[in-house]
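Here's the structure, in structure tokens; my notes come after.
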Amino acid sequence: MILPSRRDFCKFAAALPVAMALPPQQHFQPTLIAGLPFGLETFSFHDLPAAGDPQLIPTIIRNMKSLGINECEIMSGHIEPWGSYATGWWVQTRTAPGYAKMREEARQWRLTVPMDYYRNIRRQFEDAGLRIYYYNVNFNETFSDEERDRTFEAARELGAEGFSSSTVISEAQRLVPFVEKHRMFVAMHNHNNLVDPDQFATPQSFEKALAMSKDFYATLDIGHFTAGNNDVVAFIRQYHDRITNIHIRDRKRDNGPNRPFGQGDTPIKETLRLIRDNHYPIRCYIEYEYGSFRSSVEEVRTCLEYCREALA
Amino acid sequence: MNLRWSMGALAVALLCLVQLASAQESKRKVDAGGSVAPTAALERGRTVYVLSSCHFCHGIDLTGASMGAADLMHDPLVGADRNGNLIGSIVLAGLPNLQTAMPKFADLTKDQISDLSGYIHYLRQQGRYKELMATNLDGGDAKAGEAYFNGAGGCNKCHSTSNLASATRKYDASTLRSRFLRPGPFLPAENAAPSAGEQAHLRLLENYSATDVANALAYLEKLPLLR
């Protein structure tokens with residue numbers, strides 16, 4: 001867990017003028033399948049350069065262009081020069097040697113990095129005709145209020161509509177004044193930990209957050225929701241107006257593993273058809289996480305084809 | 001003249017073929033799940049490891065564990081595992097109480113668990129060898145090393161100090177360290193089981209601390225002087 005040095009950061013910054021010299025902005029057009037806007041969670045790219053590498057953003061852009069997917073939810077670990085472990089998301093890593101120093105350095109970076117840093121990344125996407133639709137930041141109790149403020153400002157500079165966040169219910173409570181102040185939504189992303197009542201994993205956990213603020217929404221991960229033995233279709237029917245986007249993956253029930261699309265228990269076809277047939281304003285984002293010997297781009301393409309066939 | 005020209009052309013053609021085959025071979029040996037493993041059993045283990053997407057959280061070569069996942073290179077449970085008896089129970093049941101819950105892989109067979117654990121141990125042995133060869137081990141305590149030799153390390157069960165003293169005289173410090181960590185090969189010949197001694201050393205390699213190694217080497221380096 002080594003933070004990038006000042007020299008590494010300068011290398012990253014050195015790439016900025018190159019980006020500024022790119023061709024003028026292309027017009028963004030959503031990737032539509034049967035009228036549904038498709039995108040991807042950048043976590044799907046498992047073979048990217050390391051956080052902070054100047055080639056990371058260009059590689060994401062190249063991959064998206066290759067796939068014909070024009071919008072994304074981008075992880076903070078792909079924007080900031082370190083992974084989300086440095087900003088406290090993983091409870092298990094908070095006790096690691098050197099963590100406290102690393103966390104403080106990450107905080108200071110967030111508080112002092114010029115907003116041009118984010119504007120430049122946005123420009124790189126826009127120049128390629130792509131859009132960062134959601135900024136995926138995993139808010140947690142290690143954030144200071146100043147850091148929360150700056151993170152909302154960063155999301156705005158990235159051009160994001162709002163956040164997707166793998167957060168917890170207690171942190172959602174802290175975020176209420178920030179969504180109101182910045183007029184920007186946070187969509188809670190679920191996993192399937194049914195043991196910890198602070199985690200988003202059930203309809204009831206989502207309901208608690210949705211009741212806290214009208215600016216809270218759900219990023220419903222239909223694979224994790226299924227692995228937690230919940231009913232995806234019933235939840236979408238009930239809360240379609242409070243779901244910004246879904247993460248599409250296929251998992252087995254009972255905390256089962258990720259599987260190639262069509263081999264798990266997740267009702268992917270039914271979900272996509274439900275959204276299409278009812279004209280729900282929900283964006284559909286692929287999140288590739290099953291094992292394969294092929295590249296991430298090849299597998300995301302396979303996932304996309306599965307969705308296309310489901311909606312044919 | 002013609003014959004010489006023909007021989008030259010043949011040599012060039014052969015060279016091109018060899019290079020082409022070599023390029024294809026090296027292309028075949030790496031994929032999104034890392035390098036193809038050197039034996040059939042390990043490749044079966046790698047297949048389980050990759051297709052179960054273990055590498056996304058635990059790293060392709062056990063380094064760079066992410067998402068709060070266990071560091072399989074250093075986790076003592078892996079070091080204590082024998083043929084999947086501990087790894088298997090976790091893999092089959094998952095860890096539902098983790099922050100993002102490790103999935104359970106209940107469909108894996110006993111053979112697949114055995115292959116998987118073999119591959120994890122292989123990666124761990126390779127990784128720890130590299131790590132301990134690169135670590136600064138100055139300042140070892142020979143007395144503590146002697147205690148380790150005769151106690152926790154169990155070295156004295158197989159090795160006499162007189163044999164080791166003569167062996168120690170032959171090696172420079174780096175070679176001695178390498179021989180201490182890995183006296184035999186990582187891999188036995190295909191289809192051959194490692195000897196009991198090789199197995200014992202590979203188990204030790206998976207569990208040495210840097211302090212253990214520093215102390216034991218300090219002791220070994222003094223042996224010729226003590227005789």
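When we screen B:GLY145, B:GLY153, B:GLY127 for residues that are open to solvent by less than 20 Å² (accessible area, probe 1.4 Å) and either in the same structural domain as B:VAL50 (by TED's automatic domain parsing) or aliphatic (A, V, I, L, M) (or both), the only hit is B:GLY127. Of the residues that make up the range A:257-264, is at least one in a strand (DSSP E or B) and among the polar types (S, T, N, Q)? Checked the range A:257-264: at least one residue is in a strand (DSSP E or B) and among the polar types (S, T, N, Q). Out of the residues in the range B:24-53 meeting the condition of being in contact with a helix residue (DSSP H, G or I) (Cβ under 8 Å, 6 or more places away or on another chain) and among the hydrophobic types (A, V, I, L, M, F, W, C), tell me which one is nearest to the other protein chains (Cβ to nearest Cβ). Result: B:ALA32.
Could you tell me which residue of the range B:76-116 is least open to solvent (accessible area, probe 1.4 Å), considering only residues that are among the charged types (D, E, K, R) and within 12 Å of chain A (Cβ to nearest Cβ)? Filtering the range B:76-116 for residues that are among the charged types (D, E, K, R) and within 12 Å of chain A (Cβ to nearest Cβ), the one least open to solvent (accessible area, probe 1.4 Å) comes out as B:LYS104. For B:HIS121, the conditions (1) open to solvent by 20 Å² or more (accessible area, probe 1.4 Å); (2) not assigned by TED's automatic domain parsing to the domain that holds B:ARG44 are fulfilled apart from (2). Exactly one residue among A:GLY223, A:GLY162, A:GLY228 is at pLDDT 95 or above, within 26 Å of A:GLY262 (Cβ to Cβ), open to solvent by less than 20 Å² (accessible area, probe 1.4 Å) and within 17 Å of the chain's Cα centre (by Cα), and that residue is A:GLY223. Looking across the range B:156-176, just one residue is closer than 17 Å to B:ALA210 by Cβ and open to solvent by less than 40 Å² (accessible area, probe 1.4 Å), and that is B:LEU176.
If a residue must be farther than 29 Å from B:LEU95 by Cβ and either of a type outside the set (S, T, N, Q) or within 19 Å of the chain's Cα centre (by Cα) (or both), how many such residues does the range A:176-215 contain? Qualifying residue count, the range A:176-215: 14. Within the span defined as the range A:253-270, one or more residues are more than 14 Å from chain B (Cβ to nearest Cβ) and open to solvent by less than 10 Å² (accessible area, probe 1.4 Å). Restricting A:PHE200, A:PHE225, A:PHE235 to those that are touching a His at 6+ places or on another chain (Cβ under 8 Å) and closer than 30 Å to A:GLY291 by Cα reduces the list to A:PHE200.
In the range A:287-304 there is no residue matching the filter, namely being surrounded by 23 or more Cβ atoms within 10 Å (Cβ to Cβ), more than 14 Å from every other protein chain (Cβ to nearest Cβ) and under 24 Å from A:PHE206 (Cα atoms). For A:THR219, the stated conditions do not hold, so it cannot be described as of a type in the set (Ser, Thr, Tyr) and either within 14 Å of chain B (Cβ to nearest Cβ) or in a loop (DSSP other than H, G, I, E, B) (or both). The number of residues in the range A:162-187 being within 13 Å of A:VAL137 (Cβ to Cβ) and within 14 Å of another protein chain (Cβ to nearest Cβ) comes to 4. With respect to the stated conditions, A:PRO58 fails to be within 19 Å of the chain's Cα centre (by Cα), free of Cβ contacts under 8 Å to residues at least 40 places away in the same chain and open to solvent by 20 Å² or more (accessible area, probe 1.4 Å). Of all residues assigned to the range B:45-66, none qualifies as being among the hydrophobic types (A, V, I, L, M, F, W, C), loosely packed, with under 14 Cβ neighbours inside 10 Å and part of a helix (DSSP H, G or I).
A single member of B:ALA106, B:ALA101, B:ALA144, B:ALA152 is on the phi < 0 side of the Ramachandran plot and without any contact (Cβ under 8 Å) to a residue 24 or more places away in the chain, and it is B:ALA106.
The values are calculated or read from the model by the stated rules, or taken from the named source; none is laboratory data. Not measured: the values here are computed from a predicted model. Here Cβ is always computed from backbone atoms with ideal geometry, including for glycine, and neighbour counts include all displayed protein chains. With ligands, DNA and RNA removed, areas are computed over all heavy atoms of the protein, side chains included. Shrake-Rupley method; radii C 1.70, N 1.55, O 1.52, S 1.80 Å.
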